[in-house]
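J.: Below: one structure in structure tokens.
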Amino acid sequence: MQKQSSPCSCNISSHIVDSGFYSSGYTTPEAREIFCDLRRYQRWLDVEAALAMAQAELGLIPVPAAENIRDNARIMTLDLNAIRAGLKVTSHSLMPLLDALSHVCNKEAGQFIHFGATTQDIQDTAQILEIQDVFEIIERDLTIVIEQVAVLAEKHMNLVTIGRTHTQHALPMTMGLKIGVWLDELWRNYERLQELKERLLVSQLFGGVGTMDPFGDKAFELLDLFSEKVGLQAPNVAWHASRDRITEYLVTLAIISGTLAKIADEIRCLARNEIGEMEEPFQMGKIGSSTMPHKRNPEMCEQVVVLAKLINSNASLGFDGMLNEHERDYRSVRLEWVTITDSSLFACGQLSLMKDILSDLRIHEDKVEKNVNMAAPLISTEALMFFLGLKIGKQIAHTLIYETSMESIENAEPFLDILMNRPEMADHFTREEVQQVMLPKNHIGMSEKLTKRTIDYVRGKLAEQNKHGGVKKVCPLMSKNGICCQSLSETS
């Protein structure tokens with residue numbers, strides 16, 4: 001009988017983002033640190049400390065007690081094993097941490113920890129601080145991606161390429177315009193991110209059912225002071241059961257990730273052997289297949305799409321999280337601990353991948369030109385139709401070109417040869433003038449101006465945005481109590 005293996009006793013996480021082998025395809029070390037258990041606990045402690053100090057300034061609790069809470073609200077000084085044991089006994093996410101804090105505070109200060117707040121006040125506020133850290137990464141990397149795309153659009157502003165619709169050759173355009181469309185969409189995502197901040201980056205301090213009763217007539221003053229200390233805006237009313245802010249965050253990440261996936265998928269499609277116009281970065285040693293040595297698979301682009309699908313699935317859970325009973329229940333919060341964390345990690349990983357792709361994106365101009373020449377003159381039939389229509393009528397010209405095109409495709413015969421043998425062309429048009437009319441480079445319309453207009457607009461907006469400075473750092477206490485997850489993990 002085969003011996004059964006024992007359960008894994010190693011400390012390696014089973015979640016893909018924590019894999020020692022594959023996490024780089026899903027997120028970044030920088031993003032993972034934000035959601036480290038110990039950093040999360042430190043944020044909760046920071047929020048408790050900020051609450052105590054705000055209450056002390058307003059005379060709600062003794063100043064020495066608040067200072068003692070603040071000075072001891074450091075995860076490195078707490079008994080992590082006791083917290084773990086407490087979680088099993090209490091089934092409460094915050095109380096074991098508060099008990100551990102009370103053990104390192106003096107007796108008087110311990111009585112004023114978490115004074116008047118409810119658990120969700122602390123955890124929601126800290127969760128918003130986590131998101132604020134994520135914003136810093138996403139805004140930075142999205143800006144880099146925008147700049148990379150702007151450079152590509154400018155570089156290839158006049159490169160004539162094939163516009164495709166329904167996966168088929170359509171009309172001539174420029175590669176710059178194709179990339180300019182990406183740029184415009186990326187900028188709208190940047191704007192969405194800025195607009196979201198105004199609604200999302202708020203504190204929570206309203207007590208058990210949102211009445212603020214424990215804080216008496218100092219309630220509003222306390223809310224404003226507390227919010228100032230943690231670096232967030234004060235909301236009008238409790239949002240314990242109103243999770244639309246979180247849903248909007250998840251949906252915004254899904255929109256941003258969708259744009260990145262669209263760009264990556266376009267690169268993937270244009271990397272097909274029979275097209276060969278774009279290619280993600282390649283270096284010797286990169287292997288596409290264990291059995292087909294010739295393969296150069298667009299796996300970075302594929303992974304960007306994979307991450308978009310994962311982020312999108314979490315967005316739908318965000319809508320589920322909007323359903324709460326009465327003034328509060330924890331079903332939404334438990335969803336959010338997964339969806340916010342995973343979507344944030346995936347979004348940071350996706351942006352990191354996209355930066356790498358765009359930093360050395362290969363656009364094979366010779367292949368683009370070759371494809372255009374092969375697609376001509378069919379991709380110029382719109383211009384030809386209007387040209388012929390001036391003499392024989394637009395609808396007659398459409399029918400003529402349609403029939404000629406279908407015959408050319410079906411019989412693999414030159415379009416121009418068939419067209420010039422049609423009776424409608426006799427005595428009206430010469431072969432030379434038709435050839436001239438059908439040159440793809442003559443029918444790119446306003447491609448160059450549209451591209452330049454978009455580049456100028458986005459760069460102007462970015463310059464304006466930079467005048468206002470970068471993303472605000474999180475709670476001052478968090479900066480003071482900045483921790484190293486690796487060293488803390490070793491102490492646990």
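The values are calculated or read from the model by the stated rules, or taken from the named source; none is laboratory data. Everything numeric here is computed off the predicted structure, so don't read it as measured data. Glycine gets a Cβ as well: all are built from the backbone with ideal geometry, and neighbour counts include every protein chain shown.
J.: All but one of (1) under 46 Å from the mean Cα position of the chain (by Cα); (2) over 20 Å from His169 (Cα atoms) hold for Phe429; state the number of the condition that does not hold.
T.: Just one mismatch for Phe429, condition (1).
Each row is one residue, and each column tells you yes or no for (1) touching a residue at least 40 places away in the same chain (Cβ under 8 Å); (2) of a type in the set (Gly, Ala, Ser); (3) within 19 Å of Gly163 (Cβ to Cβ); (4) not in a helix (DSSP H, G or I).
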| site | (1), (2), (3), (4) |
| --- | --- |
| Ala383 | yes, yes, yes, no |
| Phe386 | no, no, yes, no |
| Gly389 | no, yes, no, no |
| Leu400 | no, no, no, no |
| Glu403 | no, no, no, no |
| Met406 | no, no, no, no |
| Glu410 | no, no, no, no |
| Ile418 | no, no, no, no |
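J.: Would you call Ile444 at pLDDT 90 or above and loosely packed, with under 14 Cβ neighbours inside 10 Å? Reasoning before the result, please.
T.: Working: at pLDDT 90 or above: yes; loosely packed, with under 14 Cβ neighbours inside 10 Å: no.
No, not satisfied.
J.: Related question: So which of Ile131, Ile113, Ile137, Ile144 ends up being modelled with pLDDT of 95 or more and more than 30 Å from Asp46 (Cα to Cα)?
T.: None of the other options fit; the residue is Ile144.
J.: Kindly indicate whether any position in the range 146-160 is closer than 28 Å to Cys269 by Cα and in a strand (DSSP E or B).
T.: Let us first name the residues in the range 146-160 that are closer than 28 Å to Cys269 by Cα, namely 146-160.
From what's left, in a strand (DSSP E or B): 160.
Yes: one or more hits.
J.: May I pose another question? Looking only at the range 348-381, count every residue that is touching a strand residue (DSSP E or B) at 6+ places or on another chain (Cβ under 7 Å) and either small (Gly, Ala, Ser) or part of a helix (DSSP H, G or I) (or both) and tell me the total.
T.: Final tally of qualifying residues: 7.
J.: Select from the range 267-285 the residues that are farther than 26 Å from Glu369 by Cα and either of a type in the set (A, V, I, L, M, F, W, C) or surrounded by 13 or more Cβ atoms within 10 Å (Cβ to Cβ) (or both) and list them in ascending order.
T.: Met284
J.: Still on this structure, I have one more. With respect to Leu323, is the statement that it is at pLDDT below 90, part of a loop (DSSP other than H, G, I, E, B) and among the hydrophobic types (A, V, I, L, M, F, W, C) true?
T.: Values: at pLDDT below 90: yes; part of a loop (DSSP other than H, G, I, E, B): yes; among the hydrophobic types (A, V, I, L, M, F, W, C): yes.
In short, yes.
J.: Next question. With the condition kept exactly as written, say whether any residue in the range 202-219 is buried (at least 22 other Cβ atoms within 10 Å of the Cβ) and part of a helix (DSSP H, G or I).
T.: Scanning the range 202-219 turns up at least one residue that is buried (at least 22 other Cβ atoms within 10 Å of the Cβ) and part of a helix (DSSP H, G or I).
J.: OK, next. So for the range 197-216 (the condition being out of contact with any Gly (no Cβ under 8 Å at 6 or more places or on another chain), of a type in the set (Ser, Thr, Tyr) and within 18 Å of Glu57 (Cα to Cα)), does at least one residue qualify?
T.: No, that holds for no residue.
J.: Can you tell me which residues in the range 141-170 are of a type in the set (A, V, I, L, M, F, W, C) and either on the phi > 0 side of the Ramachandran plot or surrounded by 18 or more Cβ atoms within 10 Å (Cβ to Cβ) (or both)?
T.: Answer for the range 141-170, where residues must be of a type in the set (A, V, I, L, M, F, W, C) and either on the phi > 0 side of the Ramachandran plot or surrounded by 18 or more Cβ atoms within 10 Å (Cβ to Cβ) (or both): Leu142, Val145, Ile146, Val149, Ala150, Leu152, Ala153, Met157, Leu159, Val160, Ile162.
J.: Taking the condition of being out of contact with any Gly (no Cβ under 8 Å at 6 or more places or on another chain) and touching a residue at least 12 places away in the same chain (Cβ under 8 Å), how many residues in the range 426-451 meet it?
T.: Within the range 426-451, the subset out of contact with any Gly (no Cβ under 8 Å at 6 or more places or on another chain) is 426-446, 449.
Narrowing the set further to residues that are touching a residue at least 12 places away in the same chain (Cβ under 8 Å) leaves 428-429, 431, 434-435, 437-445.
Looking only at that region, the number is 14.
J.: Quick one: is Ala264 touching a residue at least 60 places away in the same chain (Cβ under 8 Å), out of contact with any helix residue (DSSP H, G or I) (no Cβ under 8 Å at 6 or more places or on another chain) and buried (at least 19 other Cβ atoms within 10 Å of the Cβ)?
T.: Numbers: touching a residue at least 60 places away in the same chain (Cβ under 8 Å): yes; out of contact with any helix residue (DSSP H, G or I) (no Cβ under 8 Å at 6 or more places or on another chain): no; buried (at least 19 other Cβ atoms within 10 Å of the Cβ): yes.
The answer is no for Ala264.
J.: Output the number of the condition that Asp342 fails; it satisfies all remaining conditions of (1) modelled with pLDDT under 90; (2) in the same structural domain as Ala254 (by TED's automatic domain parsing); (3) of a type outside the set (S, T, N, Q).
T.: So the condition that Asp342 fails would be (1).
J.: Then there is this: Look through Thr252, Thr259 and report the one residue that is closer than 24 Å to Asp360 by Cβ and at pLDDT 95 or above.
T.: Thr259
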